[in-house]
Each structure stands twice: as structure tokens, then as C-alpha cells.
Amino acid sequence: MNKRLGYGHNGNMRRAQAAGSLSRVVATAVLIAILAPVSYAGAAPKDSSVTIDFWCSSNPQEIKWAKAVVGEWNRARKDIIVNLQPLPASRSTEEALLAAIAAKTTPDVCANIYPGVVTQFVAAGGLYRMDRLSDFIPFMEERLPQDIMEQHRSPDGHFYQVPWKGNPIMLAYNAKMLKEAGVDPASLRTYSGFLKAAEKLTLDRDGDGRIDQWMIYLNIEPIWWQRFFDFYTLYIAASGGRTLIEGNKAAFNNKAGVAAMGFLAELFKGGYAPRSTFPGDVFLQEKIATYITGPFAIPFWESMKPKGFEYDFVPVPVPDFYSGKEVWTYSDPKNIGIFQTCKHPEEAWEFVKFMLSEKNDAMFLAMTSQMPYRKNLDEIEDFSSIAKKQPHLAKFMVQSRHTQGADNVRPLVEIYDAIAEEYQYCAVLGKETPEEAMEIAEERVNEILSY
């Protein structure tokens, strides 16, 4: 029995929270249905035979890329006109899409779908089954490594998403800070090496008696999706690429899970990570020496970095007992989906294949610094030439060979809520041991999976 939470009460509380979340989604659906979004491509001509509505991410670089792709398509294909718009404003892409599914206002195509919620979208009747398309499997098998393909197969054996991009999460470091402290970036590979470096890089710079430079910044809020970028990334690395769920049971209460949570707890306990938040980008402000992030940070940092600011990337740390040659990491994937409301799925698929051409993938990499899923990305000439112009990308391209997504299970948000709560109690507040946190989280996740 869960010692801390009072398990029966907690289960009722979770169900009440879920009901509240559903109410918020329905309310958002009404707003999305009422507010007519702006289309960048304009309305389709009256004599066009087919119109496809395409939602892209609201990320500025991705909007620029999508405009270029849609513009070229519409110039070449007068028979299938694509109307482009960014995703409607919401607290998250997942909430916006669930709201649109509920209101039956989904687009034909969306290129910002998180794989972890696909099972929920399918259960809600939202997504078109992609393997109904005769050339879907051969097209994707030519493009993707087999393990990436299988990561995105749904529990019923079918495909409801197009694997598109995966951004390997790595450890960014301030090169000047490490050099001044006499820290070799290679020493950050292990937990012990990282903690030893943290002793040198956490300090009082202005002499007022308070720490004002830390080794790392970690989000302290118990928000489910934030755990992808601390505990889950570290767990994947510590376990050699495993996910949290196996055989519909929690599989993280093990040596790797305890080590990952323990490492996070040590960072807060030692004062190497602040128990506070800051406005702005703390990495560019040089308040922290390292930061866990993906290649999507590069365009912003390059445009906003102060003069003389230098940074680089290494794989995330692993426990000292880890014996693997390669370090695995979280892929932060986003995929493409065709929705059930689409009246012309074959035509929508033609546009999706055009989006995924080698030329458009290369343009996507160049514009956004994000990694499209492709076999041996770093060995394709167009992509390696881009990496020469943007040197930081080369490490991410190599790291992309060893990435893992999240479990494709329906109660994903509830599962990560459970992880987030134990992260806060154990790592941030220090009220539990890592062993206790993993035991409680395991019990809660197994109950969630049993519903």
C-alpha cells in the first residue's frame, strides 16, 4: 500500500482531475470551433478539385519551412491545393488536437503530433489508419531504420502516424565556464564525474555569500511533460534504451530508475541545481554551466547569444555502473497524422510524401536544426554538408542513431503525472529516498494501467 498518498483517495482524486481535464478540453473545443484560424496559403480556387488543410507547429522556424514547402507544392499541383495554418493557440499541442477531435474540426494533416498520445487520439476516433494506404509500408521502410518504424506501431499492430522527426536530447555546456574551472567535457559522461565538476562550477561569483552560478538548471515544477527532459532522458541513458512500460506493467523500478532519480536528488541536495525559476534563458545569461536540451535550441541560441559566448554538446551522463559503449537518449519525437475527418486521404498522403522528400528534409534541417528520421542521416551528402555549415548538428546526427521515444499507451499523461510527483517529492524536496520514490511510482503506474 502506498504509505504517503492514501491510495484509494488518490485514485478518486485522479479520476476527478481527469474529468476536469476533459471539461477543459471540451471548452477549448468550443473555442476552436468558433474561432476561424488564419490560413497562410489562402482559400483554394473554386475550380480546384481537392483542398487539404494542413496544420504545422507554431515554432517560427517550422512555420517558415512549412510556408516554403506548401508554396512549392501549390505552384506545382493545381489539382490538390494545400491551405497552411499554425496550430491554434493552446496550453499544448495535445490539448489543441484533442479539442479539435472532440469538435470534429481537425485538419486533414498535422505535422506536430506527439507519438505518446496517438493511442488516445485513436481511441477518440481521431486518426486515419495509415497502413490502409497501399504504399505506406514500403515508403516508410525505405526511409526509416526498422527500430524507429517499430517504435511507432500502435498496440493493435497498425500505424496511425507517420514517423517524421526525432530530436536527440543531449547535454549543452558553456565552454568558457568549463575551461576556467579546469573541467574536461569528457568527464561529464558519468554521474560521479558530473558531480565532481559540479563542485567546481557551482559558486558565488559576486562574493555576496549567495550562490549565483550553478552546474545545471532543472525544472522544479511537477509538470508531466517536463519529465521527458530530466528523469526520462536519464532513465533511457541509464538503462541502455529501455522505456518505462513493458508488458503493460511499470518496468522502471530497477537499478537504472533508482540511479537516475538518485542522481537528480544529488544535484538538488548539493545545491548544484537551483530550487527556483528564473526569467529568460539562464544558459545564455551564464547562470548555469550545463543544460539538458535538443538541437531545437540552436537557432535561438545562435540568434540571441552574447558576444564571445561559446557552447557545445556531449551525451547526457550515465551511472558509473553503465557498461554500454553508446549512450542512448530520448528522441523527443513529433510525427505527422492524417485525421479521420479528411475527405481525401489519398491526396493528403501525396502531400505528406512530398513533405518527406530528401530535399524538404534537408531544408527542414537547415532551417530548424531539427532531425528528420532517416537511415544513416549523417552519411547522406546533403545533410552532412549542412552539418559542416552548422557544426553543432553533427553530434546530434550521430546521436540520432541511439534514441528512444515514449511508450505508446493511452494513459501516458497520468503515468508521467505520477513520475512528476515523485520527482518533486524525492529530487526537488528531498522527502523520499530514490528507492521509495520508484516503489511509489511503480505502484501508482500499475494501478493506472489496470483501469
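The values are calculated or read from the model by the stated rules, or taken from the named source; none is laboratory data. Just so it is clear, the model here is predicted, and its values are computed rather than measured. Here Cβ is always computed from backbone atoms with ideal geometry, including for glycine, and neighbour counts include all displayed protein chains.
Go through (1) touching a Cys at 6+ places or on another chain (Cβ under 7 Å); (2) at positive phi; (3) of a type outside the set (Phe, Trp, Tyr) for residue 182 and report which single condition fails. Checking residue 182 against (1) touching a Cys at 6+ places or on another chain (Cβ under 7 Å); (2) at positive phi; (3) of a type outside the set (Phe, Trp, Tyr), the one that fails is (1). Any residue in the stretch 54-71 that is under 23 Å from residue 368 (Cα atoms), without any contact (Cβ under 8 Å) to a residue 40 or more places away in the chain and crowded, with 21+ Cβ neighbours inside 10 Å? Within the stretch 54-71, one or more residues are under 23 Å from residue 368 (Cα atoms), without any contact (Cβ under 8 Å) to a residue 40 or more places away in the chain and crowded, with 21+ Cβ neighbours inside 10 Å.
With the structure loaded, tell me whether residue 400 is under 26 Å from residue 129 (Cβ atoms) and hydroxyl-bearing (Ser, Thr, Tyr) or whether it fails that test. Answer is no for this residue.
Looking across the stretch 306-320, the residues that are surrounded by fewer than 17 Cβ atoms within 10 Å (Cβ to Cβ) and part of a loop (DSSP other than H, G, I, E, B) come down to 306, 307, 308, 309, 310, 320. Does residue 299 qualify as being modelled with pLDDT under 95 and either in contact with a Ser or Thr (Cβ under 6 Å, 6 or more places away or on another chain) or within 15 Å of residue 211 (Cβ to Cβ) (or both)? Yes: the conditions hold for residue 299. The residues listed here are 413, 428, 409, 398; of these, the one that is at pLDDT 95 or above and surrounded by fewer than 24 Cβ atoms within 10 Å (Cβ to Cβ) is 428. Of the residues 303, 323, 357, the single one that is without any contact (Cβ under 8 Å) to a residue 12 or more places away in the chain, under 30 Å from residue 82 (Cα atoms), surrounded by fewer than 16 Cβ atoms within 10 Å (Cβ to Cβ) and more than 20 Å from the chain's Cα centre (by Cα) is 357. If you go through the stretch 155-189 and pick out every residue that is buried (at least 18 other Cβ atoms within 10 Å of the Cβ), touching a residue at least 60 places away in the same chain (Cβ under 8 Å) and within 30 Å of residue 248 (Cβ to Cβ), you end up with 10. Taken together, the criteria place residue 149 among residues that are more than 28 Å from residue 306 (Cβ to Cβ), among the hydrophobic types (A, V, I, L, M, F, W, C) and either assigned by TED's automatic domain parsing to the domain that holds residue 354 or at pLDDT 95 or above (or both).
The residue list 138, 88 contains one member that is assigned by TED's automatic domain parsing to the domain that holds residue 348 and either free of Cβ contacts under 8 Å to residues at least 40 places away in the same chain or closer than 16 Å to residue 158 by Cβ (or both), which is 138. Any residue at all in the stretch 366-374 that's part of a helix (DSSP H, G or I) and crowded, with 21+ Cβ neighbours inside 10 Å? Yes: the stretch 366-374 contains one or more residues that are part of a helix (DSSP H, G or I) and crowded, with 21+ Cβ neighbours inside 10 Å. Among the residues of the stretch 79-104, those identified as under 15 Å from residue 57 (Cβ atoms), hydrophobic (A, V, I, L, M, F, W, C) and not in a helix (DSSP H, G or I) are 84, 87, 89.
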